[in-house]
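Written below as structure tokens is the structure these notes are about.
The values are calculated or read from the model by the stated rules, or taken from the named source; none is laboratory data. Quick caveat: nothing in here was measured; it's all calculated off a predicted structure. With ideal geometry, Cβ positions are generated from the backbone for all residues, glycine too; neighbour counts draw on all protein chains shown. SASA here: full protein model, heavy atoms, side chains in, ligands and nucleic acids out. Shrake-Rupley method; radii C 1.70, N 1.55, O 1.52, S 1.80 Å.
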Amino acid sequence: MVKEIYRERIKVLTDIWSLLMESWESLSREDVIEIVKNAYTKKNIKPFRGFNADGLYEKELVSLFVVGKYGLGLFEDNKEIFDKLLSKEEDYDEISKLIIDGNVNEAFEKSGNSKEVLARALRTTFTKIIFSFESEDKMYKSLKNLNISEKDEIKHTSRSFSRFYTAFKLAESIAEGIVRDRLTYIATKKAIAISIGIEYPLPKADYVALIAKEVFNVNKKILNKILGIKV
């Protein structure tokens, strides 16, 4: 079941799919990015993000892809739309499945030996989980599979994404009102780290604050109280 905190976001993405179904032949990938940006701005919805703010709306095409394929079930009957407008996201999805299955070297090869593409594949799994289309254990499995690789680039991607995922889940819990004080915040952070089950740099409070503010519009006073920092 979709969390209340994401219902409006998924509704907006669903509405965009209605538009794409009617007009896809005349649209480019760049047009779709602009459509997502305008729709989000109109509803005051912020893109998912970590520290890196580059290409935020282009990255949101992963959310559009996930809602279209896994939420609305449009892929099989409308593959030409996906192929034209979201072909990169199709690749990310395939790579994400290779990672979950433990075929890490094949996944890295399919990504063109790119840490960025590998991270987009993880973002695909992340988005499925955030939207309640996939179970959280798939994220833990992905991160563990990447972390046992002998390639430094792959290990680094696993640890970097683990930090992002921890920060995001903490920010989400604050936005939902589940985490309301510093003690619960610390306990929740430790619980997430145990669930991920690898060694990685835990996110600092300012990283959690960034996501809480920029994605979930959490009030600064609430963050100051919970995180123990001046935001």
May I ask you to say which residue of Lys46, Lys37 is modelled with pLDDT of 95 or more, open to solvent by 50 Å² or more (accessible area, probe 1.4 Å), assigned to a loop (DSSP other than H, G, I, E, B) and within 30 Å of Gly177 (Cβ to Cβ)? Lys46
Out of the range 7-26, which residues are surrounded by fewer than 17 Cβ atoms within 10 Å (Cβ to Cβ) and under 16 Å from Leu61 (Cα atoms)? Lys11, Thr14, Asp15, Ser18, Leu19, Met21
When you look at Leu202, is it open to solvent by 20 Å² or more (accessible area, probe 1.4 Å), within 20 Å of the chain's Cα centre (by Cα), under 22 Å from Gly228 (Cα atoms) and free of Cβ contacts under 8 Å to residues at least 40 places away in the same chain, yes or no? yes
Give me the pairs: first residue in the range 43-56 and farther than 20 Å from Arg163 by Cβ, second residue open to solvent by less than 40 Å² (accessible area, probe 1.4 Å) and part of a helix (DSSP H, G or I), beta-carbon distance under 7 Å, and six or more apart or on different chains, which are they? Lys43/Val12; Ile45/Arg9; Ile45/Val12
Residues in the range 75-127 that are buried (at least 16 other Cβ atoms within 10 Å of the Cβ), free of Cβ contacts under 8 Å to residues at least 24 places away in the same chain, under 18 Å from the mean Cα position of the chain (by Cα) and under 18 Å from Lys59 (Cβ atoms): how many? 1
